[in-house]
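Report on the structure given below.
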Amino acid sequence: MAIDPDLVDIALSRIAGTQFEKFSNMFFPAIIGAQFSPLGGMHDGGADAFGGDTVYERNGRAGVFYQASVQVDSKAKIKSTLKRLREFGREPRSLTYLTSRTVPTIDVLEDDLGEELGVVVRIKDAGYIRAHVNYSSTTVAAFEKFLRPETSFLASIGSAPLIAESRHVQSPAVFVYLRQAVDKLDGDLSLTNSVTDGLALWALEGTDPDEGKFMSSTDVMNKINETVPSADTLIRGRVHKRLVAMSKKNYPGGRQVNWHKNDDVFVIPYSTRQQIASQNEADEALRIRILRGLKERARAEFPDLSEGQSMRVAEVSLRAIQFAFEQEGLEFSHFLSREDAVEFPQIGDAVRSAVEEMSVSGPGSMEVAAQCLAVTRACLYHSSEDELEYLGRLARTYSLLFTLSNEPRLVEYFEQMAADFYLYVGSDLLVRALSERYLPESSQLVRNVLFMAARGGVRLILAEPVLEEVINNLRASDREFQNHIESVEHRLTHDMMREVPKILVRAYLYNRDEPHGPTNWPGFVQQFCSFDDLHSPAAVSQLRNYLQATFSMEYRKRVELEDLSDDKDVANLTSKLLLTKSSSELAGNDALLASAVYGRRTKRRETAEASEFGYRTWWFTNETQILRHSRELENKYDCARYMMRPDFLLNFFAFAPNAIDVRRSFANIFPSTLGVQMSRRMDPTAFHKLMAQVKEAESFEDGRRQAVMAECADRLKSDFERRYQIEL
């Protein structure tokens, strides 16, 4: 549930300076997608030198600082901080000041201080914190950890949290993405391959067989990740295969890469190098013409500007256009694609960001910002042919990244959604998690999903019936081993091991000869409970403790599930499941879990409160056989499904790019020629369809958008037909 803004105000009015600084250090970097490091001690401008409030410098950006304080007089505090920074030999270019106070006329104060002190000053006050507290799972976590305790006194008199307006609903980005996702069952595999190919060719630039310059697939992947870190999950495990595909004669457009199989390295052939060089030359020439055109606009609009000043305005204006894609990409792309004349008011925010990033400060900085805004608006509303081409290509590049989930708002939406999940974990997943005990970490798909879900705030529930099924599987595996495997295990080939029916026995056999693998079967079982106690009641509590401690699970007894369930529903579904289940006990367990999901949703009023995230309570399993027998139960609850496919969480949360990496990728892609080059990979038909969906989203009221988003989100969670890039 969204945090009530009134609670934020109450907490900020009571918080002490130290706690506010801790809150800010978690809250602020999560919003801007950057990391900061504190300055040193007294002689380096640390907390003692700034009245007890530490000053932080942005990593990789010398002269860019931020400070958090609860001091009443913000103006005096800012002037004092900048004075002390200079006294300690620092050269501040910009200072962002976070305060727990409400500051009136912030814009005026920022401009006045900027003119007086020659530094870009940005003030984020209580209103800013209130508006952004629900921005992402990290900002919510910052509130819960540092501000929520300041409101504990309210417990004695009660409080009524409100449902705040959601930024996810107000923006069309998440709405459009969800609509696209439910319409496509193939996981955009062809588009993913196209992007991977383009990035791989870009990474191979500079290779030359005559100079002995080759690259392995690992080298290619590392180079891509340095510039486009959010691509890691997209290209992981795909680069080598795509490089090999591009080395074949039947690749569309002919062979693009030469593969030296003996050394398993790759190089671009002469013909491809010529083609890439020609494209790069054209792309760079376009960028230069755009910059020259903006400079000419500046000279025409402001004749008194010198050559250098005009170029500075042009450079900041170009960066502002790129910032518009980074900050409001989908809306900006749609604005550019429209034929009717409309305003794009957010361009002012983009200009401010460009002015700050390029350290335009000191006397006259406000005039420069106004000049940049005028030039940028002229470029948007009275575009030349070159400007139309450049803007259109950046729009297609953004749309490509958006379609592949590389958009901060999408990442934050799924993070926030997952943080509120309550999942009854199925025995099939837990048994598989046990079987992955000795696999390399990168291959432990189920374990990684559970680990990352728990870290992201998902409540993972270990139900007593599930625990019973897992211990019974372990015991049956032991009997299988003792009766059929133990006497012949050292004569089994890998082909024979594959035929062993029990997954846990197979896991033992596959890993026993690994350097850190189990030495024998009892040693394998010992990882989860005492082998000597395996067939006694003590093993149940031992396994329960292991699962709870390892995967941060909460235990629920059978009677708790029965209290949530409808006895008639359970009995009815159990009778149907007897047709496919091997025992009445297993049929009853599945029926109980399905009914408990609906019972908890009802008890927690999940249908009574509107949310763009859909239902929170699910059975987390791949046990799909039950679905064809539970239609009657689903129909009773408005056709709402109860089973979440693990691949959903795997792709949209566990292995999705994080927001900071996405923002870093944007910052690297759009200012460079790579931003223009990638546009060639976006199909024009797909781009126009995306823009049509934005138009549809903007035609809906917030309430309708929220309803559609919830419906699409729940369909994605429970869709067992969709193909994903990574699947269990």
### Task
Would you mention how many residues in segment 351-395 are aromatic (Phe, Trp, Tyr) and either crowded, with 16+ Cβ neighbours inside 10 Å or at positive phi (or both)?
1
### Query
Just one of the numbered conditions (1) modelled with pLDDT under 90; (2) among the acidic types (Asp, Glu); (3) assigned to a helix (DSSP H, G or I) is not true of residue 612; which one?
(3)
### Message
For residue 285, only one of the following conditions fails: (1) exposed (fewer than 15 other Cβ atoms within 10 Å of the Cβ); (2) modelled with pLDDT of 90 or more; (3) assigned to a helix (DSSP H, G or I). What is its number?
### Response
(2)
### Task
Considering each of 505, 525, 500 in turn, give the residue that is in contact with an Asp or Glu (Cβ under 6 Å, 6 or more places away or on another chain), more than 30 Å from residue 602 (Cα to Cα) and either surrounded by fewer than 13 Cβ atoms within 10 Å (Cβ to Cβ) or among the hydrophobic types (A, V, I, L, M, F, W, C) (or both).
505
### Task
Evaluate segment 320-338: report whether one residue or more is in a loop (DSSP other than H, G, I, E, B) and under 34 Å from the mean Cα position of the chain (by Cα).
yes
### Message
Cβ-Cβ distance below 6 Å, separation of 6 or more or different chains: which pairs start in segment 629-640 with a residue that is under 16 Å from residue 615 (Cα atoms) and end on one that is assigned to a helix (DSSP H, G or I)?
### Response
637/598
### Residue check for residue 210: in contact (Cβ under 8 Å) with a residue 60 or more places away in the chain, open to solvent by 20 Å² or more (accessible area, probe 1.4 Å), among the charged types (D, E, K, R) and part of a helix (DSSP H, G or I)
no
### Task
Check whether at least one residue in segment 75-98 is over 24 Å from residue 360 (Cβ atoms), crowded, with 22+ Cβ neighbours inside 10 Å and either in contact (Cβ under 8 Å) with a residue 40 or more places away in the chain or not hydrophobic (A, V, I, L, M, F, W, C) (or both), and report yes or no.
no
### Query
When you look at residue 320, is it at pLDDT 90 or above and under 18 Å from residue 669 (Cβ atoms), yes or no?
yes
### Query
When you go through 323, 332 one by one, which is the residue that is farther than 23 Å from residue 94 by Cα and in contact with a helix residue (DSSP H, G or I) (Cβ under 6 Å, 6 or more places away or on another chain)?
332
### Task
Report, by residue number, each residue of segment 431-467 that is over 26 Å from residue 613 (Cα atoms) and either aliphatic (A, V, I, L, M) or surrounded by fewer than 17 Cβ atoms within 10 Å (Cβ to Cβ) (or both).
431, 433, 434, 439, 440, 441, 442, 443, 466, 467
### Test for residue 607: is it assigned to a loop (DSSP other than H, G, I, E, B), open to solvent by 10 Å² or more (accessible area, probe 1.4 Å) and touching a helix residue (DSSP H, G or I) at 6+ places or on another chain (Cβ under 6 Å)
no
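The values are calculated or read from the model by the stated rules, or taken from the named source; none is laboratory data. Computed from a predicted structure; not experimentally measured. For neighbour counting, all protein chains shown are included, and Cβ atoms are generated from backbone atoms with ideal geometry for every residue, glycine included. Note: accessible area is taken over every heavy atom of the protein model, side chains too, but ligands, DNA and RNA are not part of it. Shrake-Rupley method; radii C 1.70, N 1.55, O 1.52, S 1.80 Å.
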